[in-house]
Amino acid sequence: MSRAERLLSLMQALRAMRPPVRATRLAEALGVTPRTIYRDIGALRASGARIEGAAGYGYTLTEDPALPPQSFDRMELEAVLLGLAEVQALGDASLAHAAEQAAAKLVARLPDRQRREAAATGLMVRRWSRPPAAEGDLRPVLAAIWDERALDLAYADREGRETERQVLPLQVVHLDHALMLLAWCCLREEFRMFRLDRCRRIEPAARTFRPRRVALLRDYLALLQSRGGQTTKE
């Protein structure tokens, strides 16, 4: 296999495998050594591919300049539009607006026939209730997750007692009854779930934990699975 063929195969593996993908798994799939994968990841980044992650944490392809706009079959189009409609129905204002804009961009780039199909989609979403929203804007929480930056919280427990916390935010989970923040709590020194509607104050902190978020989230999800989905909630 030539170097060019190997780079194309690596890109395809990054597209196809569930991220984050460890170098050892990529090396096994391509029949090369992890050291070769590290070099090839650097070459792909230099050519314009946006690949997040690092050795030991796994890699995620977040932007692929070589991938042309894709068409969808009828069921794929229905699934994508239904998912975006669900976000518009359940997300906070900023997320709902982003989903609306994403749907508009998607439809605008579809072939004429599929644009007509999208205008008369066979599925729809109606929600008569939605989880309590976090006070304020969800975007600072997402920005901290993306930037791998700690958050300072003023958090009230179920009895209304308020404590000051610094947490390492990992993921926001939309449950039926609430928005939950999965995080590492620096006060308790363990993984915790925080209800965002109980956060009286959310502020970005100076502390960064890059590039540990992917590894921490993987450990937290493994812990949840080992406990049958149960974890300590604040």
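Taking the inverse of the average 1/r across all pairs of different Cα atoms in the stretch 12-62, what Kirkwood radius in Å do you get?
Numbers: mean 1/r = 0.0937 Å⁻¹.
Over the stretch 12-62, the inverse of the mean reciprocal pair distance is 10.7 Å.
About the Cα centre, and with charges only on the beta carbon of Lys, Arg (+1) and Asp, Glu (-1), how big is the dipole of the chain? Nearest 20 debye, please.
Working: 37 positive and 30 negative charges, 97 e Å.
Dipole size: approximately 460 debye.
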_Inter-label distance for Ala102 and His174, nm, one decimal - labels placed 7 Å from Cα along Cα-to-Cβ_ = 0.9
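With only alpha-carbon pairs counted, each pair once and no self-pairs, how large is the Kirkwood hydrodynamic radius of the stretch 74-119 in angstroms?
Working: mean 1/r = 0.0931 Å⁻¹.
It works out to 10.7 Å.
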*Pop out the ³J(HN,Hα) list for the stretch 187-201 in order, Karplus 6.51 cos²θ - 1.76 cosθ + 1.60 with θ = phi - 60°, rounded to Hz; leave Gly and Pro as x.*
6, 8, 6, 6, 5, 9, 9, 10, 6, 5, 6, 9, 7, 6, 8
*asked:* Take Glu164 and Glu189, extend 7 Å from each Cα along the Cα→Cβ direction, and tell me the distance between the two endpoints in nm.
replied: 2.0
_I need Leu123, Leu217, Leu10 ordered by Cβ neighbour count within 10 Å, fewest first._
Leu123, Leu217, Leu10
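Taking 1 over the mean of 1/r across every pair of different Cα atoms in the chain, what Kirkwood radius in Å do you get? Mind dumping the intermediate values first?
Values: mean 1/r = 0.0490 Å⁻¹.
By the Kirkwood definition, the hydrodynamic radius is 20.4 Å.
Can you give the relative contact order of the stretch 139-226 as a percent, counting alpha carbon pairs under 8 Å and 6+ residues apart? Don't skip to the answer; put the middle values down first.
Details: 162 pairs, mean separation 28.4, N = 88.
Relative CO of the stretch 139-226 lands at 32 percent.
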*So which residue, out of Tyr59, Tyr220, Tyr38, gets the largest mean-square fluctuation from a GNM of the chain using Cα contacts under 10 Å as springs?*
Tyr38
*What number, rounded to the nearest 500 deg cm²/dmol, is the helix-based mean residue ellipticity at 222 nm of the chain, given -39500 (n - 2.57) per DSSP H run of at least four residues and division by all its residues?*
-13000 deg cm²/dmol
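Read-outs: derived from the displayed coordinates by stated rules, not from any lab. Keep in mind that this is a model prediction, so the values were computed, not measured. FYI the Cβ positions are ideal-geometry reconstructions off the backbone, even for glycines, and counts take in every protein chain you see.
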